[in-house]
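J.: Structure in structure tokens, see below.
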Amino acid sequence: MAISTRLHVLGTMLGSAVQHALGHPLVLSAPACDRSTLARAADAYIAAQAAGGVGLLVDIVADGWEYEENIVRKDVRSGVLSKSLKIDHRRTIYDLVACATYTEVIGADPADPYVIGTQIRHDEDSLATLIDSIATTTNSWLFNAQRTLEYVLQETWDPIPKDRRDSREFIKAASDAYLDMWSNDTAADAVPWRTPCARLEGGVYTGRGRPDDSCKAGIPTNTSQAPNIRRRHEFRLEGGKLRVELVWILTYAYGLE
Ligand SMILES: *[C@@H]1O[C@H](CO)[C@@H](O)[C@H](O)[C@H]1NC(C)=O
Ligand SMILES: *[C@@H]1O[C@H](CO)[C@@H](O)[C@H](O)[C@H]1NC(C)=O
């Protein structure tokens, strides 16, 4: 079963949304990971998905590149990427430290709805070595592409002004603490809960547009469950630690079998 909460977090890509939305690499001396090359690859990925034509990837992939869908390595020709989708929304965030992108894709056509989160990882030449998707559709947990689209379009994912960005480490620690809650009974206390905060899980949104909207609602009460592994989620933290107006919007997408 594929599950799409929309915490499209990205394991080590964490913080990329915030840190790199404007394309400012943290480590200027690192080997070049070129934002425009990553953008070209993400755009080729979207073109391939729209056309159902993996041939459109030929210029952006490395030799021996791999495709993974819902945590299973497979032949891309048998994957959702080989299927033409009408795409209603896409947004790509860039991680120039990990040299990777994350693209959120929503196709809300009731005849063939999909919500997909895709990481593309690149080598030192910025060619794609792995396209890794979590793809959800009808009968996935809480799936409702129309509502997902509606909520996603209401959220603001503009770049956060530089002086208000949390560090990559802070965002990663916050997200890891969140995902530890299933298997660690003190993890919830380590999450920097703020209000308002909203969570989008499948087509269900916890936000009510109120200042006291909280993401604590519905967190695990059983903290002895299997740990969340191979984390790929997307969180957005707004407001530096020193700020009073703090907003934490949190969204995610993960897959389980
Ligand atoms: C449980 O979570 C706390 C808070 O994040 C952390 O300090 C601790 O190392 C975690 N324990 C384990 C076993 O992972
Ligand atoms: C908590 O989850 C574990 C692992 O799934 C399960 O074995 C255990 O029975 C659960 N405990 C409660 C109180 O539900």
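Coordinate-derived values only; no laboratory data. Quick caveat, the model's predicted, so the values are computed rather than measured. Note that each Cβ is placed from the backbone with ideal geometry, even for glycine, and that neighbours are counted across all protein chains shown.
J.: How much length is gained if the chain between D59 and A47 is pulled fully straight, taking 0.36 nm per residue apart and subtracting their Cα-Cα distance, in nm to one decimal? Present the calculation step by step, with values, prior to reporting the outcome.
T.: Working: separation 12, 0.36 × 12 = 4.32 nm, distance 1.25 nm.
The span from D59 to A47 would gain 3.1 nm if fully extended.
J.: Oh, and also: Sticking with the crude label model, points 7 Å out along Cα→Cβ, report the distance from R208 to K162 in nm, one decimal please.
T.: According to this spin-label approximation, the distance is 4.0 nm.
J.: Rounded to the nearest 0.05, what FRET efficiency do R73 and A226 have when you use their Cβ-Cβ distance and R0 = 25 Å?
T.: 0.70
J.: Students often get this wrong: which residues of region 117-158 have the backbone nitrogen under 12 Å from the point 7 angstrom along Cα-to-C-beta of H89?
T.: Label zone hits: 144-157.
J.: Where in region 53-89 does the label zone of D112 land, with the point 7 angstrom along Cα→C-beta and an amide N cut-off under 14 Å?
T.: 53-54, 79-88
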